[in-house]
Amino acid sequence: MTEKRDYYEVLGVARDADPDDIRKAYRQAALKHHPDRNPGDATAEAKFKEATEAYSVLSDAEKRSTYDRFGHAGLGSGGFDFSNAGMGDILSQFQDMFSDFFGGMGGFGFPGGGRRRAAPPRGQDVRVEATISLKDAIAGCKKEVCVRGAASCEQCNGSGAKPGTEPERCVGCNGTGQATTQRGFIMFSTTCPRCRGAGQTIKDPCAGCSGVGKVERQRKVLVTFPAGIDSEQRLRVPGQGMPGPSGSAAGDLYVDVTVEDDARFQREGYDLITRREISFPEAALGAELEIDLPDDSQVSVDVPAGTQPGTVLSLRGKGVPRLDQRGSGDLHVVVEVQVPRKLSKRARQLLNELESELTPTHEAASLG
Ligand SMILES: [Zn+2]
Ligand SMILES: [Zn+2]
């Protein structure tokens with residue numbers, strides 16, 4: 001076991017530093033060495049523990065004066081050696097101290113952190129599924145989706161108290177929801193047993209929600225589906241999830257989108273593919289076609305003379321609008337040539353004539 005460093009040295013402050021300097025020094029050290037910022041770094045963890053230990057003593061006037069007079073020995077074996085304590089234990093035991101420090105920043109405010117972070121209270125996020133037609137996906141639309149779950153009680157505005165009365169601040173925890181007990185030198189925080197962490201008690205419960213403040217209800221939320229949305233995409237509607245505990249912010253609603261298949265079109269990203277049969281004369285002579293668009297309007301397409309089966313005619317910008325609003329994809333028309341299955345006598349005769357008409361060219365070609 002290594003010898004313990006001097007607490008003032010750990011925090012890098014003078015022996016006569018005032019509480020404010022100590023606080024600042026600790027905050028700096030805690031931010032620098034916090035495990036959320038240094039994942040898997042044992043040295044940083046050790047430094048974080050060391051600084052936390054030092055701060056827990058130097059920030060307390062009584063403990064500080066004991067330490068000033070008697071050093072580490074003066075603090076006895078009251079649990080002040082943190083070097084072997086688990087990180088989680090330290091973080092949870094000092095949660096109050098940390099939230100006091102970093103409160104208002106929403107937890108520790110570390111990007112990408114999250115372990116043991118005290119997140120600000122907020123309602124749960126909700127996920128629902130919604131199916132829209134290809135037409136609606138292309139044009140964009142607003143549609144109501146049903147969200148089942150707890151909703152804020154309208155009779156009491158979510159307070160849980162009978163209308164006309166107010167919830168009272170819990171006397172067990174003075175409204176904090178946390179009961180603190182001291183064991184040795186360490187403060188333990190537990191959920192207040194009197195109010196179960198709510199911080200308030202209700203004398204006359206609301207009849208509508210039995211004092212819970214929430215009721216199970218089906219809500220309808222109007223969701224905007226932007227033009228160009230596709231299947232397997234997810235929309236976020238802020239604040240339309242579950243209501244937060246005791247009036248805090250609601251969670252978000254996530255809508256998983258499915259775009260229905262449209263028999264007329266195949267979608268490839270922002271492009272649409274449609275198939276169109278034309279007759280052999282149309283392919284040979286050329287034609288003008290009217291092509292249906294997903295919004296049921298039509299667009300005309302020129303089929304040039306001599307068009308071969310499988311030719312793709314592309315119409316720029318007639319596909320799906322891009323979500324970034326930079327134009328639209330294309331509509332590709334795959335031209336298929338119908339070969340008649342049944343022929344009338346006259347049709348047979350005409351085709352035979354056509355065959356003889358076309359044959360010399362055929363022979364000339366094959367003779368080279
Ligand atoms: Zn309480
Ligand atoms: Zn109510």
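Only the coordinates and a few stated rules stand behind these numbers; no lab work does. These figures come from a predicted structure and were not determined experimentally. Neighbour counts run over all protein chains shown; Cβ positions are idealised from the backbone, glycine included.
What to note about this one:
- 3J(HN,Hα) along segment 330-336, derived from phi through the Karplus expression 6.51 cos²θ - 1.76 cosθ + 1.60 where θ = phi - 60°, amounts to 10, 10, 9, 9, 8, 8, 10 Hz, with x in place of Gly and Pro.
- Cβ-placed point charges (K, R +1; D, E -1), dipole of segment 266-361 about Cα centre in debye, nearest 20: 300 debye
- Above-threshold pairs, the threshold being 22 Å between Cα atoms, out of Lys4/Lys47; Lys162/Lys220; Lys24/Lys63; Lys220/Lys318; Lys162/Lys214; Lys143/Lys214: Lys162/Lys220; Lys220/Lys318; Lys143/Lys214
- Cα lying deepest toward the dipole's positive end in segment 267-368, options Thr274, Val339, Pro294, charges on Cβ: Val339
- Built amide H within the under 5 Å cut-off of Ser231, gap 5+: Val259
- Note, ³J(HN,Hα) from phi for segment 291-306, Karplus 6.51, -1.76, 1.60, rounded to Hz, x at Gly and Pro: 10, 6, 9, x, 8, 6, 7, 10, 9, 9, 10, 8, 9, x, 4, x
- Taking 0.36 nm per residue of separation and subtracting the current Cα-Cα distance, fully stretching the chain between Arg183 and Glu3 would add 62.3 nm.
- Distances between placed amide hydrogens fall under 5 Å for Lys214 paired with Cys153, all partners being 5 or more residues away or on another chain.
- Measuring r between the beta carbons of Gln233 and Arg275 and using R0 = 41 Å, the FRET efficiency lands at 0.95.
- Ordering Ser314, Leu351, Ala284 by the projection of their Cα atoms onto the charge dipole of segment 266-361, which places +1 on the Cβ of Lys and Arg and -1 on the Cβ of Asp and Glu, puts Leu351 at the extreme positive end.
- For Asp36, no residue has an amide H sitting under 5 Å from its own, ignoring neighbours fewer than 5 places away on the same chain, with H placed 1.01 Å from N.
- Annotation: aspartates and glutamates with alpha-carbon distance below 15 angstrom to Lys32 (same-chain offsets under eight excluded): Asp41, Glu45, Glu50.
- Once the Cα-Cα distance is subtracted from the 0.36 nm per residue extended length, the Asp256 to Leu343 segment shows a gain of 26.1 nm.
- In this calculation the C-beta distance from Arg217 to Thr43 is compared with R0 = 30 Å, giving a FRET efficiency of 0.05.
- Per-residue packing, averaged as other Cβ atoms within 10 Å, sorts the ranges 272-280, 13-21 into the order 272-280, 13-21, beginning with the highest.
- Cβ-Cβ FRET estimate between Ala305 and Ser356, R0 fixed at 22 Å, reported to 0.05: 0.55
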